[in-house]
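Student: My questions all concern the structure below.
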Amino acid sequence: MKPKILLRIAAALIFIHSILHTYGFGTWKEAPDPVYKTIVDGMTGHKFPFMGAERSLGNFYEGFGYACSIALFMIAIVLWLVSGETCRSANLTKKIIYAIGIALVAWGINELIYFFPFAAAITLTAAILTLLSGFMMKKSNQFN
C-alpha cells in the first residue's frame, strides 16, 4: 500500500475519533448514577477567580475536552493535506509525518492509561499507519 493511502486512512481514523470524542464528551454532565451526579455537581457548582475570570473545575474539564477535539480535527486535516504532498515536498512531508506519528503514539498511550482501550486503539492504529507511511517514503523513491 502506498504512503498516500496509509496517511488518508490515518486521517479518516482520527477524523472519526474526533467526531466520537466531541459527541461523547458533549454528554459528560449527564449523570447516569447518583455518585457521578454528585461529582459533576461538585465540579460545576463552585466558581473561583482565575486570571481575571470566574471558572469552575467543570469549565476547565470541559475546555480541555473541547481543546482535544479541536486538536484531533486539526491532526486529521494535516494528515490529509500532507498525504497529497508526498512527491512535491518529500523531506518536509516526512518530518511532519514523524512528528505527528510520535505525537499520536504518545496520545494513544495517554488514552490507554487515563481513558479507555477503544480510543487508544483508534489513535495507535493511526499512529502506526502514519509512521509506516514515513518509513515507506524513506525506503522508496516512489511516493504516491
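Student: So, in segment 36-76, exactly how many residues are of a type in the set (Asp, Glu) and within 27 Å of Ile122 (Cα to Cα)? Give the steps one after another, and end with the answer.
Tutor: At the first step, the residues of segment 36-76 found to be of a type in the set (Asp, Glu) are 41, 54, 62.
Remaining after also requiring within 27 Å of Ile122 (Cα to Cα): 62.
Number of matching residues: 1.
Student: Separate question: Confirm whether Ala120 is under 17 Å from Leu13 (Cα atoms), free of Cβ contacts under 8 Å to residues at least 60 places away in the same chain and hydrophobic (A, V, I, L, M, F, W, C).
Tutor: yes
Student: Looking only at segment 33-48, count every residue that is of a type in the set (A, V, I, L, M) and without any contact (Cβ under 8 Å) to a residue 12 or more places away in the chain and tell me the total.
Tutor: If we filter segment 33-48 for residues that are of a type in the set (A, V, I, L, M), which is where we start, we get 35, 39-40, 43.
From what's left, without any contact (Cβ under 8 Å) to a residue 12 or more places away in the chain: 35, 39.
Of the residues in segment 33-48, 2 are of a type in the set (A, V, I, L, M) and without any contact (Cβ under 8 Å) to a residue 12 or more places away in the chain.
Student: Can you list residue pairs whose Cβ atoms sit under 6 Å apart, with the first residue in segment 78-106 being within 16 Å of Met136 (Cα to Cα) and in contact (Cβ under 8 Å) with a residue 60 or more places away in the chain and the second being of a type in the set (D, E, K, R) and surrounded by fewer than 22 Cβ atoms within 10 Å (Cβ to Cβ)? Count only pairs 6 or more apart in sequence or on different chains.
Tutor: Listed by first residue and then by second, the contacts come to Ser83/Lys4; Ser83/Arg8; Thr86/Lys4.
Student: Let me ask something else. Inspect all residues belonging to segment 17-39 and state whether any of them is closer than 23 Å to Leu129 by Cβ, part of a loop (DSSP other than H, G, I, E, B), in contact with a helix residue (DSSP H, G or I) (Cβ under 9 Å, 6 or more places away or on another chain) and of a type outside the set (D, E, K, R).
Tutor: No; the residues of segment 17-39 include none that is closer than 23 Å to Leu129 by Cβ, part of a loop (DSSP other than H, G, I, E, B), in contact with a helix residue (DSSP H, G or I) (Cβ under 9 Å, 6 or more places away or on another chain) and of a type outside the set (D, E, K, R).
Student: Somewhere in segment 124-133, is a residue in a loop (DSSP other than H, G, I, E, B) and either of a type in the set (Gly, Ala, Ser) or out of contact with any Ser or Thr (no Cβ under 6 Å at 6 or more places or on another chain) (or both)? Can you show your working first?
Tutor: Start the filter on segment 124-133 by keeping residues that are in a loop (DSSP other than H, G, I, E, B), which leaves none.
The answer is no, given that none of the residues of segment 124-133 is in a loop (DSSP other than H, G, I, E, B) and either of a type in the set (Gly, Ala, Ser) or out of contact with any Ser or Thr (no Cβ under 6 Å at 6 or more places or on another chain) (or both).
Student: Taking interchain pairs and intrachain pairs at least six residues apart, which have beta carbon atoms under 9 angstrom, with the first residue in segment 49-72 and without any contact (Cβ under 8 Å) to a residue 40 or more places away in the chain and exposed (fewer than 10 other Cβ atoms within 10 Å of the Cβ) and the second part of a helix (DSSP H, G or I) and not aromatic (Phe, Trp, Tyr)?
Tutor: Ala53/Asn59
Student: Let me ask you something else. Can you find, within segment 27-85, the residue that is nearest to Arg8 (Cα to Cα) among those that are touching a His at 6+ places or on another chain (Cβ under 9 Å) and of a type in the set (Ser, Thr, Tyr)?
Tutor: Ser69
Student: Being among the polar types (S, T, N, Q) and either in a helix (DSSP H, G or I) or within 18 Å of Cys68 (Cβ to Cβ) (or both) is the filter here, so list the residues in segment 83-108 that pass it. Give the steps one after another, and end with the answer.
Tutor: Taking segment 83-108 and keeping what is among the polar types (S, T, N, Q), we get 83, 86, 89, 91, 93.
Matches in segment 83-108: Ser83, Asn91, Thr93.
Student: May I pose another question? Out of segment 116-127, which residues are surrounded by fewer than 12 Cβ atoms within 10 Å (Cβ to Cβ) and closer than 15 Å to Leu72 by Cβ? Full working, then the answer.
Tutor: Applying the first criterion (surrounded by fewer than 12 Cβ atoms within 10 Å (Cβ to Cβ)) to segment 116-127 yields 116-118.
Across segment 116-127, the qualifying residue is only Phe118.
Read the figures in this text as sums done on the coordinates, not as results from a lab. These numbers come from a predicted model, not from an experiment. In this analysis, Cβ positions are derived from the backbone assuming ideal geometry, glycine residues included, and neighbour counts consider all displayed protein chains.
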